[in-house]
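Below: one structure, written as C-alpha cells.
No value in this document is a laboratory result; all are computed from the given coordinates. Worth saying up front: this structure is predicted, and the values here are computed from it rather than measured. Neighbour counts are summed over all protein chains in view; Cβ atoms, including those assigned to glycine, are modelled from backbone coordinates with ideal geometry.
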C-alpha cells in the first residue's frame, strides 16, 4: 500500500477506546486530504456483547449515514477498495486501547538504570507499566514472585546488564519470573510473552529458564553500553506481540485484525507516532497530553543532549490520574489546598469532597452548572500538573554515564539524571482529552494548560479538536502526507502563543515592554506589570512580529533584562502575555486568592460574568 500512496483517496479509521469507539473518514479533496465526518459508538469488548467489531460496525454505520455512502456489504464486511463514489474505501486502519489497553511489567538489574530504560521502552510502545522489578528495589524474592502472579500482565520486558558484562543478576531476575510461572490477563490458552532485551551474553542462560514456560523473544539490548539507550527494537517487538498475542485473544479482535490493512496499534503508541512526525517535519520541540477518565498520558519530543543525536521521544502514563474513575486519586495526591487554589470563589470543604465523590461514582456525567464546571477544571489542573511532574522525572538523561564506580555503587544509586524537558525550548503544547478538547470556551483550555504546565518563553498552545491523533498516527505509517495535512487542517486547533518570562517580580512593578507589529503594518506597544495576564488579538492563521523587552528580574531565555524578537502565530485566543512569574505562585489567603483568580479569569475572558457572583 505504501508504494501506491497516490492511489489512496479515501481512508476509514477507527480507534477502539475503553468506553467509546470513534470512526473518521478522510478523503482527498483536490490536492489535500481533509477530515470529512466522524462517528462514534459504545465499545463492545466486554459483556454482554464481548465482540469489539460490533462497536466498530456501529461507529462505521454512523459515518455511512452522515455521508450517505456505503462502506459495509450485506455480510458487514468493509468494502475496499472503493469501486465508486458511493461505495467503499481505499484503506481501513485502526488503533485500540479497549480492554484496558496494553498492560506490562518491566524487570531489570539496577532500578535507576536498566529497569528505567525498560520502562521508557514499554511506555514509548503504548503500554501501561503496572510495576517495575529490580534486583535492588528492596523487595524480597517471594514478594516479587507474588506480585507477578497477582498482577497478571499482558507482557513482561526483561532487561539488564551491558553487552559483555556480568550475567549473574540478569539470570536471577529470569529465575524469579520462572518461579512465578505468570499467567496472562486475557485468556489462559496461550503463553505469556516475555521479551529479553539485556546483556547478549546472558541470552542463552535466560532462554533456558523461560522458554518452556513463556512465549520467549529476544531483541537487541536496550542498554548495550552505559552511555547509550537502544529502545526501538524493544518497542517494535512489544507492538508486534501486542497484536499477535494480546489482541488476538481479546473478544472479536481476530476479525478486526483481518479487516485492517496495517497492524492495529495501541492507542498511545499511535499518538506518539503522529507527534514525532510533526516534530520532525516542523523541526519543533513538543509536549502533548491526553487526559482521560482513568489515566493521563504525557508525550514529549526534545533535542538530544548528545551532539548529532536524534530527538528524544518520551511517554509516561499516570494510571491513577484521571477526571472520572480516578478523580478521587487526583484529590488524594494533590491535596485539598492545591485543588482549592484554582477555585475562584469560597467553597466549603465538605461540598468539594462530595462533588469529587459524586463524579467518581457517576463517571460518565458532565458538569450541569457553571460552578461544577469550574471545580472540575480546577481538579484537572492538578491532574495535569502531577502527570507532567511524573513525566519530567522519567524523561531524563541516562544515569550512570561517565562515572567511575563499582557495581555496589551502581546498586545504591537512586539519584535522578537531569530532565530532558526544557520549558524555555518548548515550541508547542498540545492538549487532548474531554476536559480540554470539549471545554465550552477555548480560552478555558488555554488557561488550564497555562496553569498546569507553566510554559516559559514563547509557546504555541493547541488542542486536539475531536481526538483523532491515534488514527492519524497509524495513518502516518501508510501515508505521511494525508496524516500531517489532516493533523494541521482538522485536528489541531490553534489557541495562540503564550509569552511567559521566568522570574518573580514585585506587584505593581513593570515586568516587560511588548511591541507587536501586525501583517498590515499596524503596531501595538504596551508595558505590562508583574502578576498579570494580558491578551492581544491575533486570529487563526495570522502571524505577527513581536519584540519583548523584559525588565529585571525577568528572563525570556536570553538573560535577565534582555529583549527578544520572534514571529508568533495566532489562534482562537490570540497572543497571551503571562507575567505571573515562574514558578507560578497562587496566594494562600482565601480573599487574595479569589481576587487574583478573578483578575486572571477576566483577562482571559474564560467564564461568563456570573462566575464573579458566587
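Distance from the Cα centroid of the range 162-179 to that of the range 201-230 is 9 Å (rounded to whole angstrom). Using only alpha carbons, the range 335-377 has a radius of gyration to Kirkwood radius ratio (Rg to Rh) of 0.93.
Please compute the length gained on full extension between residue 152 and residue 66, using 0.36 nm multiplied by the number of residues separating them and subtracting their Cα-Cα distance.
Details: separation 86, 0.36 × 86 = 30.96 nm, distance 4.20 nm.
Gain on stretching residue 152 to residue 66: 26.8 nm.
By the beta-carbon count within 10 Å of each Cβ, the least crowded to most crowded order of 28, 346, fewest first, is 346, 28. Suppose we keep just the DSSP beta bridges with both residues in the chain; what percent of those would be antiparallel, to 5? If I count the DSSP bridges inside the chain, around 65 percent turn out antiparallel. Between the range 557-581 and the range 455-503, what is the separation of their alpha carbon centroids in Å? Between the Cα centre of the range 557-581 and that of the range 455-503, the gap is 19 Å.
Out of all DSSP beta bridges in the range 101-263, what portion is antiparallel? Express it as a percent rounded to 5. Taking every DSSP beta bridge within the range 101-263, about 5 percent pair in antiparallel fashion. Distance between the 7 Å Cα→Cβ label points at residue 87 and residue 332: 5.7 nm.
For Cα pairs less than 8 Å apart in space and 6+ apart in sequence, what is the mean separation divided by the residue count of the chain, i.e. the relative contact order in percent? After rounding, I find 11 percent.
Between the range 541-556 and the range 263-341, the C-alpha centres lie 28 angstrom from each other. Out of these labelled values of Cα Rg over 2.2 N^0.38 Å, [x] 1.00; [y] 1.10; [z] 1.39, which was calculated from the coordinates shown here? Recomputing Cα Rg over 2.2 N^0.38 Å here picks out [x].
Run through the DSSP bridge list for the range 2-98 and note the antiparallel percent, rounded to the nearest 5.
The answer is about 75 percent antiparallel.
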